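Only one structure is covered here, and it is reproduced in the block below.
Just so you know, all these numbers are worked out from the coordinates, no wet-lab data involved. Because the structure is a prediction, the values reported are computed rather than measured. All Cβ positions, glycine included, derive from the backbone under ideal geometry; neighbour counts span all protein chains shown.
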Amino acid sequence: MTSSLAPDAETLVIGGGVVGLAIAAECAIAGQETYVIERNNAIGQEISSRSSEVIHAGLYYPAQSLKARLCVEGRQRLYAYAKDRNVAFRKLGKLVVATSPTEAETLNKIAEKAKINGVDDIRFMDAADIHALEPEIAAVKGLFSPSTGIIDSHGLMQALETDVTDHRGTVVLGTAVRHVRRRPDDLFEIEMSTGCEIANVTARNLYVAAGLGMGELGPRLPRAAAYTPPPLYFARGHYFALRGGRPFKRLVYPVPVEGGLGTHLTLDLEGNVRFGPDVQWIDRVDHAFEEDNGLRLRQFEQSIRRYWPSLPDGALTPDYTGIRPKTSRQGEPARDFEIHGPKDHGIPGLVALYGIESPGLTSCLAIAKYCVTLAREC
Ligand SMILES: Cc1cc2nc3c(=O)[nH]c(=O)nc-3n(C[C@H](O)[C@H](O)[C@H](O)COP(=O)(O)OP(=O)(O)OC[C@H]3O[C@@H](n4cnc5c(N)ncnc54)[C@H](O)[C@@H]3O)c2cc1C
């Protein structure tokens, strides 16, 4: 496939998760011949299929951060896209609840941040308002976000894949990228393997949205001598499903904890309730559900009963896990999305995405637009 005259692909995207597919769709729709290279045999098998599927409003993130800007823009674009493309979603609204005066103070800070971030529809609730909305929830104060919702993330990825293939793009599955070189003619040469076969492909623009694979791939990308790619750390989150009954109509979140948003209550599109994810720092990618001799279940029950005191014994059952790609270590302040373009690593036409944890699903369409702009920088 390698050519010395013209690239095999104008644009190549490494990673067929929601972010890689959104970037590829943006490029393909703009008329670029686009390839997506995905190591698994299906799209969206890693982070993107293990999330809470929440469309976040943009409450929590530091002002002017990429997370804040891309979440607010991405949420608006995602609702419009889902409606247009018949991807299932529901704007259920979310309650962030405080169970003590100290937590109520934290709610005030979240509300301030949300307003700065342009989330202009939130409102405070007292215990009676909360009881009227969700009778099972006990809290001293709440913040209600009407623009938070849920989405069928698989349906979204399928719609994005269709956007790619309907615009002369190609999604190549079961193919892992091993190395990338920058050639003297300014094309990228991408070495990939499919089982025991190795192939080289050239591309003019390269987007690297490899999620949990960025720790290995980042150091193998071309870069200026002064640039070091960010390291990657992993924080696994476990979910428990609620057996029997669907006593909630909205999403319910406690105030955030270090590394995550707290053991929250989310609903799927059928109304099934699940709780999680918790935060467990791990050394390598491993999606196993670690029960920890029942300790994890007890910790979940304890956290949930702070805002849902009547959670019945034995109602929770282990469900699934997801792993957050982090660019900060345990104990360090959370970092922003790290989306590096030519001004960072010195290579025109290359954009590499690190630490695309939550709200990456909400932000995917805005991330895609942002990446395409970055790639044009010199
Ligand atoms: C537990 C959890 C809950 C979350 N909840 C939410 C939520 O409610 N709302 C929200 O907005 N966000 C949420 N997120 C964040 C969101 O899910 C992610 O930001 C988003 O899915 C990341 O998509 P991605 O495409 O970057 O990664 P991925 O979906 O992991 O895609 C990367 C792809 O790259 C492929 N790949 C890796 N290396 C290579 C290689 N060398 N060659 C070829 N292919 C390669 C992988 O196989 C993978 O398919 C959550 C995340 C987690 C972990």
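Can you name the residue in segment 21-42 that is of a type outside the set (S, T, N, Q) and under 17 Å from GLU216 (Cα atoms) and is also surrounded by the fewest Cβ atoms within 10 Å (Cβ to Cβ) among such residues?
Only one residue fits best here, namely ARG39.
Among residues belonging to segment 223-272 that are part of a loop (DSSP other than H, G, I, E, B) and of a type in the set (Val, Ile, Thr), point out the one that is surrounded by the fewest Cβ atoms within 10 Å (Cβ to Cβ).
Looking at residues that are part of a loop (DSSP other than H, G, I, E, B) and of a type in the set (Val, Ile, Thr), I get THR228.
Which residues, counting only those in segment 183-210, are out of contact with any Leu (no Cβ under 8 Å at 6 or more places or on another chain) and either among the hydrophobic types (A, V, I, L, M, F, W, C) or closer than 27 Å to GLY346 by Cβ (or both)?
ARG183, PRO184, ASP185, ASP186, LEU187, GLU189, GLU191, MET192, CYS196, ILE198, ALA199, ASN200
So THR362 passes all but one of these: (1) over 24 Å from LEU251 (Cβ atoms); (2) within 20 Å of the chain's Cα centre (by Cα). Which condition number does it fail?
(1)
Within segment 1-60, take every residue that is farther than 20 Å from LEU173 by Cα and not in a loop (DSSP other than H, G, I, E, B) and give me the one that is nearest to the ligand (Cβ to nearest atom).
VAL54
Search segment 206-220 for residues being outside any helix (DSSP H, G or I) and out of contact with any Lys or Arg (no Cβ under 9 Å at 6 or more places or on another chain), and hand back the single one that is nearest to ASP186 (Cα to Cα).
For segment 206-220, the residue satisfying everything is LEU206.
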